[in-house]
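Since the structure comes first, as structure tokens, the remarks are kept for the end.
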Amino acid sequence: MSLIGPGKGFKGSISLAGDKSISHRLILFSLLHHGSFKLRNLSACDDVKTSLAAIKTLGATIDRDNTEEITIRGPDKKTAAESVEIFCGNSGTTARLLSGILAGLPGRFVLTGDNSLSQRPMQRIADPLSMMGAEIKTTKSKLPIEIIGQSRLNPITYQMPVASAQVKSAILVAATRAAGTTTISEPSPSRDHSEILLAHLGAKLQCKDNQISLDGPFLSRGDYCFNIPADVSSAAFFVVAALLIPQSEISIENVLLNPTRTHFLQVLKRMGANIQTSITANNFELTGTIKAAYSPKLQSTDILPEEVPALIDEIPAISTAMAFAKGVSTIKGAQELRVKESDRIKVLCEAFRACGIKVEENDEGYSITGTEEISSEHRLKTYSDHRMAAAFSILALKSKSGIFVEDLDSVKISFPEFFSIFLPCFNARL
Ligand code: S3P
């Protein structure tokens with residue numbers, strides 16, 4: 001439990017580590033690839049380390065040189081040992097994407113996870129991957145999950161019941177081992193990094209409306225180099241802090257600007273936020289600069305169900321902005337937040353109430369009445385959820401004499417450098 005805040009305005013520019021979702025995909029997709037991936041600005045977070053450890057267990061080689069580049073080669077022999085157990089830690093992306101890859105590798109694999117990951121739904125990947133011909137057994141729809149992979153899978157046409165980039169990606173990687181066209185439809189668009197990467201590696205992919213088709217089988221080859229843009233979900237906490245703390249003007253460089261990840265900027269702009277973006281590169285993913293400045297006249301807004309998948313990880317940061325916006329904001333159709341690293345609807349509402357902010361919680365979201373001042377020196381529980389620790393740090397900056405936030409160490413899951421950048425920027429103590 002540490003006392004954070006209050007904060008002061010920050011004027012300046014920052015750079016952040018590589019995007020977590022893209023880092024995971026580059027690491028895990030190396031298992032499907034003949035050749036090497038050289039990675040620059042790979043995220044050093046615990047979840048990404050979990051993916052690195054997983055591919056090592058499966059026979060990949062990982063070389064680091066002293067320029068912080070890392071080169072990965074998938075196993076030469078694309079077959080695995082008789083029975084392999086892989087610990088996926090706290091990482092839903094590792095567990096779900098890896099399941100899709102293992103479904104198409106002959107062998108027996110068991111995936112486990114920590115307490116939080118072991119509570120999260122896995123039937124959503126087991127169903128489509130079983131339809132494709134892999135043998136998958138979950139434990140009451142959760143981890144541990146046993147996968148008996150097959151060297152050839154069947155193509156499927158699949159309507160996803162829930163929009164999820166992890167499920168979509170698991171099916172797409174399995175589809176690279178199926179002879180024929182696999183077609184996936186999503187209720188509303190989620191992040192498309194798997195589609196972008198597979199197309200970049202040469203896969204035949206068609207994306208139209210909310211439907212993606214991939215022609216299998218597909219095996220990528222060659223030596224590739226990737227500059228990973230900064231993590232835009234991590235950037236979201238800095239953007240919101242700059243909007244809320246007087247005299248701030250922040251510039252975040254070389255950050256991911258993929259539109260399936262930047263919808264939170266549109267939401268903040270419609271609240272009256274002073275934000276500008278500019279694209280500086282389009283290597284395999286759009287990259288650029290985000291500038292955000294103190295915005296004293298934020299207005300409430302309503303987040304609709306169809307918007308939620310495109311800003312699922314930024315809802316904690318956006319909610320913090322809503323807490324200081326004029327009027328009542330609502331978040332609807334966000335029940336997926338209940339099955340993240342914590343029940344984020346419950347945990348956010350509990351923290352807002354503790355700060356004296358009026359919230360009304362329902363099954364699939366909540367409403368927040370904006371306020372000018374929050375009370376200080378309470379204790380906020382993060383339930384070991386990294387994005388809660390970061391969101392509550394913004395509340396702490398806005399408090400008069402600081403707020404105690406529990407389990408700050410949890411930021412290691414997605415953003416180990418968070419406090420060493422955030423606190424000096426906003427001149428806040430710990
Ligand atoms: C992710 C997808 C999202 C997101 C998670 C990362 C990804 O999860 O919340 O942090 O990298 O594909 P869902 O697919 O469960 O929505």
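Residue by residue, here is whether (1) out of contact with any helix residue (DSSP H, G or I) (no Cβ under 6 Å at 6 or more places or on another chain); (2) under 16 Å from ALA317 (Cα atoms); (3) of a type in the set (Asp, Glu) holds:
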site: SER375; (1), (2), (3): yes, no, no
site: LEU380; (1), (2), (3): no, yes, no
site: TYR383; (1), (2), (3): no, no, no
site: MET388; (1), (2), (3): no, yes, no
site: ILE394; (1), (2), (3): no, yes, no
site: LYS400; (1), (2), (3): yes, no, no
site: ILE403; (1), (2), (3): no, no, no
site: ASP409; (1), (2), (3): yes, no, yes
site: LYS412; (1), (2), (3): no, no, no
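Output the residues belonging to the stretch 139-173 that are touching a Leu at 6+ places or on another chain (Cβ under 9 Å) and not in a strand (DSSP E or B).
GLN150, SER151, PRO155, GLN166, SER169, ALA170, ILE171, LEU172, VAL173
Do you know which of the residues in the stretch 166-185 that are open to solvent by 10 Å² or more (accessible area, probe 1.4 Å) and within 16 Å of the ligand (Cβ to nearest atom) is nearest to the chain's Cα centre (by Cα)?
Result: GLN166.
Could you identify the single residue in LYS142, LYS137 that is within 16 Å of the ligand (Cβ to nearest atom) and of a type in the set (Lys, Arg)?
LYS142
Looking at THR287 and the list (1) among the hydroxyl-bearing types (Ser, Thr, Tyr); (2) part of a strand (DSSP E or B); (3) within 16 Å of the ligand (Cβ to nearest atom), which single condition is not satisfied?
Failing condition for THR287: (3).
Taking the condition part of a loop (DSSP other than H, G, I, E, B), among the charged types (D, E, K, R), farther than 22 Å from ILE413 by Cβ and more than 25 Å from the chain's Cα centre (by Cα), does GLU377 pass?
On the way: part of a loop (DSSP other than H, G, I, E, B): yes; among the charged types (D, E, K, R): yes; farther than 22 Å from ILE413 by Cβ: yes; more than 25 Å from the chain's Cα centre (by Cα): yes.
Criteria met by GLU377.
Across the stretch 251-284, which residue is farthest from LEU16 (Cα to Cα) among those that are charged (D, E, K, R) and open to solvent by 30 Å² or more (accessible area, probe 1.4 Å)?
ARG270
Counting residues that are under 21 Å from the mean Cα position of the chain (by Cα) and in contact (Cβ under 8 Å) with a residue 40 or more places away in the chain, which strands (runs of 3 or more DSSP E) fully inside the stretch 191-273 reach at least 2? Reasoning before the result, please.
On the way: elements: 204-208, 211-216, 224-227, 249-256.
Output list reads 224-227, 249-256.
Six or more apart or on different chains, Cβ under 9 Å: which pairs go from a residue in the stretch 13-33 that's under 15 Å from SER233 (Cβ atoms) and within 16 Å of the ligand (Cβ to nearest atom) to one that's open to solvent by less than 10 Å² (accessible area, probe 1.4 Å) and among the basic types (Lys, Arg)? Could you list them?
ASP19/ARG261; SER21/ARG261
Starting from the stretch 409-421, take each residue that is in contact (Cβ under 8 Å) with a residue 24 or more places away in the chain and assigned to a loop (DSSP other than H, G, I, E, B) and list its partners that are open to solvent by 10 Å² or more (accessible area, probe 1.4 Å) and more than 16 Å from the ligand (Cβ to nearest atom), counting only C-beta distances under 7 angstrom and pairs at least six apart or across chains.
Close Cβ pairs (under 7 Å, with a partner that is open to solvent by 10 Å² or more (accessible area, probe 1.4 Å) and more than 16 Å from the ligand (Cβ to nearest atom)) amount to PRO416/ALA44.
State all residues of the stretch 308-348 that are within 14 Å of the ligand (Cβ to nearest atom), assigned to a helix (DSSP H, G or I) and open to solvent by 10 Å² or more (accessible area, probe 1.4 Å); if no residue qualifies, say none.
PRO309, ALA310, ILE312, ASP313, GLN335, GLU336, ARG338, VAL339
The values are calculated or read from the model by the stated rules, or taken from the named source; none is laboratory data. Computed from a predicted model, the values in this text were never measured in an experiment. Cβ atoms come from the backbone with ideal geometry, glycine included; neighbour counts cover every protein chain shown. Remember, those area values only see protein heavy atoms, side chains included, never the ligands or the DNA or RNA. Shrake-Rupley method; radii C 1.70, N 1.55, O 1.52, S 1.80 Å.
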